[in-house]
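Engineer: The structure follows.
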Amino acid sequence: MGMNASRRILHVDMDAFFVSVELLDHPELRGRPVVVGGSGPRGVVAAASYEARAFGVHSAMAGAVARRKCPQAVFLDGRHARYREVSAVVMDIFGSITPLVEPLSLDEAFLDVSGRVRALGPAPEIAATIRARVFDEVGLTCSVGVAHNKFLAKLATETAKPRATPTGPVFGSGVAVVDEDRVEPFLWPLPARALWGVGPSTWAKLERLGVATVGDIARLPVDALTRAIGPAAGTQLHRLARGLDDRPVEPNVAPKSISHEETFAVDITDRGRLEREIVRLSDAVADRLRRAGTTGRTVHLKVRHSTFQTVTRSITPPHPTDDGLDIAVHARTMLSGIEVADGIRLIGVGVSGLEEAGARVEQMSLLDMEAAGRPDHDRDRRDLNRAVDEIRDRFGRSAIGPAVLAESGRIDAFEDGAQQWGPNAQR
């Protein structure tokens, strides 16, 4: 196994995290089917309790379908700020165990505990300690996979998690271990879809090769795989099928982009309203950029029509920005070339090409200064943004926002993640 053999990697996944947080705050709902997500007609399920899963409800399912499958369920709007708050406590527990923590989401992370075995005991004991601390200090349960690499640890977690049954949830082992000498018995019987990178297209190609399980892939000659699905994908799948994964746990991985999008409860045909939504989305993106101490080089616009046709556009301005007005100007320019009369279902604004703020100092040209109306335009914008950030820090995000949004009554910067599950019923 080479370098893998000395590593001890944990994959920790909170059990039904969003629902479990809601049950912390609403213990009277315990034992009932509970669904969290966008409660509007276009909302999607973010999480379902194990009681709801027994009726076939699962994450990413349309809310309307979930209601048909389980009409007796309690449907709750997602509260992303609350989930972030609880997640921060959980991640602090992980960080007290090892500094090598790689968060994958609010409720999931890899931990490299190789250097902590001598002080804290074998990796399975560390996993048990984490589960006990999360339960004692937060009141939630989690499942932990233990292996010598990230891929196997993540797969192990699935076998440790609770299962939904018609008579109620059945709790798993909580901790599952894949030892180096047990890789093949654990991995090879699994369906080929268990491997990362096996989506519908790849699966169709593998089926033509007679592949059903991970073991089938491992036993195939590499050149047969590469001919079928390409050199890079074929080589990677063959490695994973043999349990090989040398990727390190990477703490503090910087995001590649920042974006916000909104799904509307009713399709919008009014271009003026869409432009106002772009201002609000751009303000939210800029708010997150500044809080992260980053600027972005490329502005992206995403528009989804009522027909579900999705159009994307991008512009790379001369200089990186963390200013909501700059972002909005570019996004609105892109929107001007898109027909909206058929109705717009979703609109999104994002920025990519992130770099540390101040990493590149740009000098305004005389033309820039003339267009801005005064030489200190950039400094004024920075001062204004700093003042806005200070007001929001003190009084909340709804305390101040772009004036163009005042008539809509929604001047607040988007909460990170607030709209990812679709519009709530009141919108």
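The values are calculated or read from the model by the stated rules, or taken from the named source; none is laboratory data. Because the structure is a prediction, the values reported are computed rather than measured. Glycine also receives a Cβ, built like all others from the backbone with ideal geometry; neighbour counts cover every protein chain displayed.
Engineer: In this structure, is Glu28 surrounded by 20 or more Cβ atoms within 10 Å (Cβ to Cβ) and either outside any helix (DSSP H, G or I) or out of contact with any helix residue (DSSP H, G or I) (no Cβ under 6 Å at 6 or more places or on another chain) (or both)?
Structural biologist: Numbers: surrounded by 20 or more Cβ atoms within 10 Å (Cβ to Cβ): no; either outside any helix (DSSP H, G or I) or out of contact with any helix residue (DSSP H, G or I) (no Cβ under 6 Å at 6 or more places or on another chain) (or both): yes.
Judged against the criteria, Glu28 is not a match.
Engineer: Oh, and also: Take the residues in the range 61-93 that are closer than 15 Å to Val45 by Cβ and of a type in the set (Gly, Ala, Ser), then tell me which one is surrounded by the fewest Cβ atoms within 10 Å (Cβ to Cβ).
Structural biologist: Ala64
Engineer: For residues that are in contact (Cβ under 8 Å) with a residue 24 or more places away in the chain and either touching a helix residue (DSSP H, G or I) at 6+ places or on another chain (Cβ under 9 Å) or in a helix (DSSP H, G or I) (or both), tally how many sit in the range 327-337.
Structural biologist: First, pick out the residues of the range 327-337 that are in contact (Cβ under 8 Å) with a residue 24 or more places away in the chain: 327-328, 330-332, 334-335, 337.
The next check asks that each one be either touching a helix residue (DSSP H, G or I) at 6+ places or on another chain (Cβ under 9 Å) or in a helix (DSSP H, G or I) (or both); those that pass are 327-328, 330-332, 334-335.
Total meeting the criteria: 7.
Engineer: Filter the range 176-223 for residues that are of a type in the set (A, V, I, L, M) and surrounded by fewer than 14 Cβ atoms within 10 Å (Cβ to Cβ); which is farthest from Leu152 (Cα to Cα)?
Structural biologist: Per the stated criteria, the residue is Ala204.
Engineer: For the range 8-22, check the following and say yes or no: at least one residue is at pLDDT below 95 and in a strand (DSSP E or B).
Structural biologist: Checked against the condition, which is being at pLDDT below 95 and in a strand (DSSP E or B), the range 8-22 yields no hits at all.
Engineer: Quick one: how many residues across the range 338-361 are surrounded by 22 or more Cβ atoms within 10 Å (Cβ to Cβ) and either in a helix (DSSP H, G or I) or among the β-branched types (Val, Ile, Thr) (or both)?
Structural biologist: So the count comes out to 4.
Engineer: While we're looking at this one, here's another question. Quick one: how many residues across the range 176-193 are closer than 10 Å to Ala147 by Cβ, in contact with a helix residue (DSSP H, G or I) (Cβ under 7 Å, 6 or more places away or on another chain) and of a type outside the set (A, V, I, L, M)?
Structural biologist: Counting residues in the range 176-193 that are closer than 10 Å to Ala147 by Cβ, in contact with a helix residue (DSSP H, G or I) (Cβ under 7 Å, 6 or more places away or on another chain) and of a type outside the set (A, V, I, L, M) gives 1.
Engineer: Still on this model: Step by step: first the residues of the range 119-175, then only those that are β-branched (Val, Ile, Thr) and in contact with an Asp or Glu (Cβ under 7 Å, 6 or more places away or on another chain), then the one that is surrounded by the fewest Cβ atoms within 10 Å (Cβ to Cβ). Which residue is that? Steps first, please.
Structural biologist: Quick first cut of the range 119-175, residues β-branched (Val, Ile, Thr) only: 126, 129-130, 134, 138, 141, 144, 146, 157, 159, 165, 167, 170, 175.
So of that shortlist, the ones also in contact with an Asp or Glu (Cβ under 7 Å, 6 or more places away or on another chain) come out as 141, 157.
Numbers: Thr141: 17, Thr157: 24.
Checked the range 119-175; the qualifying residue surrounded by the fewest Cβ atoms within 10 Å (Cβ to Cβ) is Thr141.
Engineer: Does Lys161 fit the bill of being in contact (Cβ under 8 Å) with a residue 24 or more places away in the chain and closer than 25 Å to Asn252 by Cα?
Structural biologist: Taking the combined requirement at face value, the residue does not satisfy it.
Engineer: Being surrounded by fewer than 20 Cβ atoms within 10 Å (Cβ to Cβ) and at pLDDT below 95 narrows it down to one of Ser105, Ser114, Ser96, so name that one.
Structural biologist: Answer to the check: Ser105.
Engineer: From the list Val45, Val12, Val34, pick out the single residue that is closer than 30 Å to Val266 by Cα, surrounded by 19 or more Cβ atoms within 10 Å (Cβ to Cβ), among the hydrophobic types (A, V, I, L, M, F, W, C) and under 18 Å from the mean Cα position of the chain (by Cα).
Structural biologist: Being closer than 30 Å to Val266 by Cα, surrounded by 19 or more Cβ atoms within 10 Å (Cβ to Cβ), among the hydrophobic types (A, V, I, L, M, F, W, C) and under 18 Å from the mean Cα position of the chain (by Cα) holds for just one of Val45, Val12, Val34, which is Val45.
Engineer: Would you mind stating whether Ser39 is at pLDDT 95 or above and hydroxyl-bearing (Ser, Thr, Tyr)?
Structural biologist: When the stated conditions are applied, Ser39 does not pass them.
Engineer: Name the single residue that is nearest to Arg8 (Cα to Cα) among those in the range 72-101 being touching a residue at least 60 places away in the same chain (Cβ under 8 Å) and out of contact with any Leu (no Cβ under 8 Å at 6 or more places or on another chain).
Structural biologist: Ranking the candidates gives Pro99 first.
Engineer: Is there a residue in the range 249-268 that is without any contact (Cβ under 8 Å) to a residue 40 or more places away in the chain and over 27 Å from Glu108 (Cβ atoms)?
Structural biologist: So far as the range 249-268 goes, yes, one or more of its residues are without any contact (Cβ under 8 Å) to a residue 40 or more places away in the chain and over 27 Å from Glu108 (Cβ atoms).
Engineer: Okay, next question. Criterion first (under 30 Å from Thr307 (Cβ atoms) and surrounded by fewer than 19 Cβ atoms within 10 Å (Cβ to Cβ)) does Asp283 satisfy it?
Structural biologist: Here the answer is no, as Asp283 does not meet what is asked.
Engineer: Working carefully through the options Gly272, Gly243, find the one that is modelled with pLDDT of 90 or more and on the phi > 0 side of the Ramachandran plot. Reasoning before the result, please.
Structural biologist: Working: Gly272 fails: on the phi > 0 side of the Ramachandran plot.
From the options Gly272, Gly243, the qualifying one is Gly243.
Engineer: Sort out which residues of the range 236-272 are among the small types (Gly, Ala, Ser), crowded, with 17+ Cβ neighbours inside 10 Å and part of a loop (DSSP other than H, G, I, E, B), and write them in order of number.
Structural biologist: Gly243
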